[in-house]
């Protein structure tokens, strides 16, 4: 209904400018590397964990922009929520409990933000990855190192991207 009103009255959704970035994050989260080489469970939960981890790293990069990154970070967070809401509904989660699931997902995203923020930019992400992606089922040390290393490389390369690069969905 909202999109129909937008077409009639011509109001644009400011999130649309950041949708390509969110889509690129989701595509990166679906990369077979995470599941094949990294040992992340190839499941709904495992895919959520990767999308949330990558989203958290991009949100931290936007945070580094200060005031200029504030609105884009809000829009990216809203796109994340809308995507998770839609995904839950697609798999049959009913209206009465979608809000509870979204609340838990936002809490999980916040946990990743805190964990990755606490790790120094050039620091080891393995403890945060073990806790926030693998939870109670730690993988083989090589798989943990692969996932943590790739996320650390992603984080370092994000630091080199400008805000315009991010808006254009030019992820490393």
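The values are calculated or read from the model by the stated rules, or taken from the named source; none is laboratory data. Please read these numbers as outputs of a predicted model, since none were measured by experiment. Cβ sites come from the backbone with ideal geometry, for glycine too, and all protein chains shown count toward neighbours.
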Query raised in the report: (1) part of a helix (DSSP H, G or I); (2) surrounded by fewer than 17 Cβ atoms within 10 Å (Cβ to Cβ): which one isn't true of residue 18, the others all being true?
Result: (2)
Query - region 149-172 residues that are at positive phi and touching a residue at least 24 places away in the same chain (Cβ under 8 Å), paired with ones that are part of a loop (DSSP other than H, G, I, E, B) and surrounded by 14 or more Cβ atoms within 10 Å (Cβ to Cβ) (beta carbon under 7 Å, 6 or more apart) - result: none
Query raised in the report: Only one of (1) within 14 Å of the chain's Cα centre (by Cα); (2) at pLDDT 95 or above is not met by residue 46, so which one is it?
Result: (2)
Query raised in the report: Pick from 157, 169, 118: which is in contact with a helix residue (DSSP H, G or I) (Cβ under 7 Å, 6 or more places away or on another chain) and under 28 Å from residue 66 (Cα atoms)?
Result: 169
Requested in this report: Hand me the list of helices (runs of 4 or more DSSP H) wholly inside region 117-172 holding 3 or more residues that are at pLDDT 90 or above and over 15 Å from residue 49 (Cα atoms).
Outcome: 141-158, 163-167
